[in-house]
Amino acid sequence: MIIPPVKIHFTEEDRKAILQQIEGVLASGQLTLGKHGKAFEERFASYVGARYAVAVNSGTGAMEIALRVLGVQGKTVLVPTNTFFATVAAVIHAGAKPRFVDADSTTFGVGAEGLKKSLCKDAAGVIVVHVGGIVSPEMPAIQSFCREQGLFLLEDAAHAHGCSVSGRKAGTFGDAAAFSFYPTKVITSAEGGMIVTDNQRIYEEALIYRDQGKASFLSNVHTRLGYNWRMSEPHAIIGLSQLTRLEEFISRRTRIARLYDEKLQEVPGISALALPQGCHVNYYKYIVLLQPTVSRQALKRRLSEEHGVRLSGEVYEEPCHAQPVFADYREGDFPVAEEICRRHICLPIYSTMSDEEALYVLASLGKAMHQL
């Protein structure tokens, strides 16, 4: 049996509907900024519980647009060191300096205390990342901290479609939030991203930035230094289709996660990351902690070569302060991020995964751990 780390799923019914709608778009000639993109924005905003949404070409683009609108140029932004490259790169591309914040071991994101320790005089705002779909119970405390210090709060919700804490969804805590629809995510538009916000100014400015900084679609007057961050109509059609399946996908992933939760207790040297109370996650990643003596590379190699179980990338293998490209921005020590990045793996999980496949992963994991 071969178990991939992720698997994209479109039902036959959905594929037919998507192709039919794309045929309509091709016939109309309106391939971008049309009715499907608008519908995707409206339905996604409604799902999250935000007033506005702006569809763009990627989660990375969503981050950079939001940062540009928030006016970060020449300032410093507090950003987790345990995040994907794009979070930090967006800060730099928007003209700001990233200041790394150590991780919180319970959520893999950042906590209020870590932000307080990293605060500096020229800080303009804070980025929080909902790693693996875990929305920290400290989000209200982080909100309060940002308000007290006059800082903006931006959510990198690339992993967090449908996630919440204490009944409040990811994307509704910050001044704005950025989602990704990359193919590995719980739902995809092939490529794409979304900005959500309750702030009318952020919404209106984001519309300008995404379309080359033009004052309007039919105008050639450029008022901002924008870029081609548009989402095409075919991508929006795919995203809309997937959005209708989001709760179904989360339910299926949760079933597999519960099976992992139960059976992992029988595997020595390994334990599931305990979710904080009140967290509802989409299981974009199923995070497992290894004992310090376990070699992650040896375990992954044995699982792949001997059992056909291929693990996805970690969250993350190397924290950003250790990435060569960000060497100029490293200040301080980040022991928690380094420890959690070194000691975890992510088990395969996807919306069409069967109980049989999950049990095979667990059996293979037990054998591999025994042989190390």
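Readers should treat all values here as calculations from the given coordinates under stated rules, not as data from a laboratory. All values derive from a computational prediction rather than experimental measurement. Cβ: placed from backbone, ideal geometry, glycine included. Neighbour counts: every protein chain shown.
At-a-glance table
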read-out: Trypsin sites (Lys or Arg not before Pro) within segment 76-185, DSSP loop, no more than 12 other Cβ atoms inside 10 Å; value: Lys121
read-out: Out-of-range pairs (alpha-carbon distance over 21 Å; input Lys97/Lys285; Lys7/Lys169; Lys7/Lys185; Lys75/Lys121; Lys35/Lys285); value: Lys97/Lys285; Lys7/Lys169; Lys35/Lys285
read-out: Segment 203-221-segment 123-174 distance, computed between alpha-carbon centres (Å); value: 27
read-out: Segment 29-39 - phi-based ³J(HN,Hα) in whole Hz, Karplus 6.51/-1.76/1.60, Gly and Pro as x; value: x, 8, 9, 8, 6, x, 5, 6, x, 5, 5
read-out: Sparse-neighbourhood loop sites, GluC sites (Glu not before Pro) in segment 281-372 - DSSP loop, at most 13 other Cβ within 10 angstrom; value: Glu317, Glu331
read-out: In segment 187-243, the chymotrypsin sites (Phe, Trp or Tyr not before Pro) that fall in loop regions by DSSP, at most 10 other Cβ within 10 Å; value: Phe217
read-out: Per-selection Rg to Rh, segment 246-371 - Cα, Kirkwood hydrodynamic radius; value: 1.00
read-out: Cα centre as origin, Lys/Arg/Asp/Glu Cβ charges: segment 129-235 dipole, Debye; value: 120
read-out: Computed magnitude of the charge dipole of segment 12-243 (debye, nearest 20; Cβ of K, R +1, Cβ of D, E -1); value: 460
